[in-house]
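Undergrad: Sending over a structure as structure tokens; questions will come in a sec.
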């Protein structure tokens, strides 16, 4: 293990698979960029297209915010959304501002946007919104905390956009399959209609499938009975043939379309696989008397499934068994296409807590996983010796679960979850927000508004 100290209040560390191998350069920094002005800016998600370009979505305020292509229009009372594309070297390709999202002042929902890129380079965005923003296809239907889905082409021009008012939506998530069909999910309170008839719930979960042109294919509602769905614990993925995979956590009983699953106490992790027409192929739950939840899910080219999240107690996935060393350990578990466990890894430290939040796979089946932690964390090569208020990790694993490299990102301020994306070659993009002084293994940065004001960052890392 080796560690390095960054600037000011930020410490960062990198861990290699073989600490004694002086020739290895795991997690090699390729480039990093920082964008901001004296107001606030946040990154909300990152994706990579087939050409290796990086796509970002987030929020910004101020009068001088630029991502390298000229100053974006100033915001009014509410923050604007920004969309941007950088090329493989991190240079500006295009950037856009989307005003009118108008997040409410009452805290009814936490606003999030997620994005993905299809095989043709089109950009799909899902989020919740308050107002009637216009992505270029005309204003969305007026909503108060409900969900939208937007498709842009590779140049950022609007292809289609759809707003679905009628409910408060939390934790929107989106994925796209090999044919361009979209799946969107989230928690909701109210009534939503994606085109197949109204779905109503007070504490439910929706899963909707849209065609490549935005038309309704199918939509479903799920709700825990005699229990609850785990707040914020939600992930969705699709394979190349159009199957959709959903994960999260629940207590009580939950039916994904078959026999209801029953939790063993606390929150149990669930996973379901749905076919192209929305039928349930299979659903499974994993857990014991304490909490186990899924937050991220990905599918590799051969149909294997990778999950990440947090667990206490013992999480048994067939012959794979993990025993937590803290109240919450982070995990990465690989399942075969039938939903049976093949291997599992945990990231732990008894003095703190850990939670896996996102996972992605490259064309060779290697895995990038990210999450958050307190205390220290061991990604497989010894504990990261880090100090700070906000701690995030990114780990690269091979297809067997062996650690390739691991990085820690620490800042004194608050940020959104560090987001990751992986390209076909296996290079990882890491994006997020920071305040004060920061170092992402390359250039040193300082937020332009000083401590307490957030700028956005994005960085690229490779295996060698």
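Since every read-out is calculated from the coordinates, none of them should be taken as a lab result. Everything numeric in this text was worked out from a predicted model, so none of it was measured. Ideal geometry is used to build each Cβ from the backbone, glycine not excepted, and the neighbour counts take in all protein chains shown.
Undergrad: In nm, what is the difference between 0.36 nm times the number of residues separating residue 340 and residue 321 and their Cα-Cα distance?
TA: Working: separation 19, 0.36 × 19 = 6.84 nm, distance 1.22 nm.
Full extension from residue 340 to residue 321 adds 5.6 nm.
Undergrad: Continuing with the same structure: Provide 144, 264, 173, 419 in ascending order of the number of other Cβ atoms located within 10 Å of each residue's Cβ, fewest first.
TA: Working: 144 18, 264 15, 173 22, 419 27.
Ranking 144, 264, 173, 419 by Cβ neighbours within 10 Å, fewest first, gives 264, 144, 173, 419.
Undergrad: Average the reciprocal distances over every distinct pair of alpha-carbons in the range 214-279, invert the result, and give the Kirkwood radius in Å.
TA: Averaging 1/r across every pair of different Cα atoms and inverting gives 12.7 Å.
Undergrad: In addition: Looking at the square roots a ≥ b ≥ c of the eigenvalues of the Cα gyration tensor of the range 351-415, which shape do they give, rounded for a/c under 1.5, prolate if a/b is larger than b/c, or oblate?
TA: prolate
Undergrad: Using the eigenvalues of the Cα gyration tensor, what equivalent ellipsoid semi-axes result for the chain when each is taken as the square root of five times the eigenvalue, whole Å, largest first? Kindly include the intermediate steps, with their values, before the conclusion.
TA: Details: eigenvalues 180, 169, 81 Å².
Each semi-axis is √(5λ); the values are 30, 29, 20 Å.
Undergrad: Sticking with this structure for a sec: Among 43, 228, 357, rank each residue by its count of other Cβ atoms within 10 Å, from fewest to most, as a rough exposure measure.
TA: 228, 357, 43
Undergrad: Order these by the 10 Å Cβ neighbour count, fewest first: 370, 155, 200, 102.
TA: Taking fewest neighbouring Cβ atoms as first place, the list is 155, 200, 102, 370.
Undergrad: Compute the Cα gyration tensor for the range 240-330, then decide on rounded, prolate or oblate, letting a ≥ b ≥ c be the square roots of its eigenvalues: rounded whenever a/c is under 1.5, prolate when a/b is larger than b/c in the other cases, and oblate in all that remain. Let's see the in-between values first.
TA: Details: a/c = 2.45, a/b = 1.45, b/c = 1.69.
Judged from the Cα gyration tensor, the range 240-330 comes out oblate (a/c at least 1.5, b/c at or above a/b).
Undergrad: Mind checking the full-extension length gain between residue 301 and residue 225? Use 0.36 nm per residue of separation minus the Cα-Cα distance, one decimal, nm.
TA: 23.8 nm
Undergrad: Over what distance in Å are the Cα centres of the range 85-112 and the range 231-301 separated?
TA: 29
Undergrad: Shifting gears a bit: Tell me, how many Å apart are the Cα centres for the range 168-194 and for the range 336-384?
TA: Using only Cα atoms to place each centre, the spacing works out to 26 Å.
Undergrad: What percent does the relative contact order of the chain come to when contacts are Cα pairs within less than 8 Å and at least six residues apart?
TA: Normalised by residue count, the contact order of the chain is 16 percent.
Undergrad: Once you place label points 7 Å from the Cα toward the Cβ at residue 444 and residue 92, how far apart are they in nm?
TA: Modelled inter-label distance: 2.6 nm.
Undergrad: Run the numbers for residue 203 and residue 153: contour at 0.36 nm per residue of separation, minus the present Cα-Cα distance, in nm.
TA: 14.6 nm
Undergrad: Report, as a whole number in µm² per second, the diffusion coefficient that Stokes-Einstein gives for the range 95-223 at 10 °C and 1.306 mPa s using the Kirkwood radius over alpha carbon pairs.
TA: 110
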